[in-house]
Amino acid sequence: MLKFVFALFYFSLTVAQAADLDTNYVTFNVSERNMELSHNESSAATNFKSINATYSIPVFSLKAGLEKEIFENQPLSFTLGGSYGLMYGKKKKDFLATDTQISDKVSGTFYTLGGTANANFMWQKMRSQVFGGLNIVKSDTKYRVTSGLFSSDASQTNLDYKEDGTQSFLTAGVRFFDNKLGLFSIISLEYEVTSTFTNNLTASKVDGASVLISNPATIEHKPLVINLGFGITF
C-alpha cells in the first residue's frame, strides 16, 4: 500500500511534464522596494538652506530577463538566468514647520544574475513550482533632490547623487505554468543578505551656482523586495 501511495505521489509531480516541454524563458517582472534618504547637508554658502530630514521613497523597477530550466522532467529542477532593468521613484514632501518643500527623483539601471532550485508539482491541472535561490544585482542609480521655500522667489537648491551598488538577495516564490499558452506567472519575495554601495555627490547648486557641501546624504536600501511577473516559454 505504501509503495502505491508513493508511486501515485510521484506521478502527480511529473504527469504534466512531457518530454517536449519548452525550457527557455523570457520573463518580465515589476517590483517595489523602499529607499530611505537622510539629508544632513550643510554649507558655508549664505543662500544654502539645510534640509535636515529623513524619509522613505518608494522605488519601482521593471526588468526583462532570459532563463533556462534544466532537469525539467524531474521533481527537482534548476533555473539559471539573467535580467536587465530600469528603476524609477519620485516623492514630494512639504515641511510646514520650516516652510520648505522637497522634491526627490530616483532613476537608474541594473542587471542581475542568479538561479533557483525548483520543486515541481501539479496544482489545478497546471505544472507549478515552489522555488528558492540567489540573485546578484549590480546597479547604477542617480538621485536628484530639489529643495526651497514655498515662496516662488526663494532660492532653490539642487543636489545630485550617483550610487553604484552590488547586492545579493535570497529569493523565494512560486511559478504557475500554462503549457498550452506557453506562459507562466511569477510571484516572489527577495531579501537582501549582503550589499556594497559607493555614493558620491556629483553636483550641488543654489540658483544654478555651485556651492561646496559637507555632510552629504546617506541612503539606506530596505532589504525586502516584492516581485510580480510573467514569462513566455520557447
Fill in: Which listed residue is surrounded by 13 or more Cβ atoms within 10 Å (Cβ to Cβ), assigned to a strand (DSSP E or B) and in contact with a Ser or Thr (Cβ under 7 Å, 6 or more places away or on another chain), from 220, 190
190
Practice prompt. Only residues that are under 22 Å from the mean Cα position of the chain (by Cα), of a type in the set (Gly, Ala, Ser) and surrounded by 14 or more Cβ atoms within 10 Å (Cβ to Cβ): list them for the stretch 57-102, please.
Written response: 61, 65, 81, 82, 83, 85, 89
Worksheet item: Can we say residue 43 is out of contact with any Gly (no Cβ under 7 Å at 6 or more places or on another chain), buried (at least 16 other Cβ atoms within 10 Å of the Cβ) and not β-branched (Val, Ile, Thr)?
Response: yes
Worksheet item: Tell me, which residue of the stretch 110-139 that is open to solvent by 50 Å² or more (accessible area, probe 1.4 Å) and within 14 Å of the chain's Cα centre (by Cα) is nearest to residue 197 (Cα to Cα)?
Response: 138
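The values are calculated or read from the model by the stated rules, or taken from the named source; none is laboratory data. This is a predicted model, so every value here is computed, not measured. Glycine gets a Cβ as well: all are built from the backbone with ideal geometry, and neighbour counts include every protein chain shown. Just the protein is used for accessible areas: all its heavy atoms, side chains included, with ligands, DNA and RNA removed. Shrake-Rupley method; radii C 1.70, N 1.55, O 1.52, S 1.80 Å.
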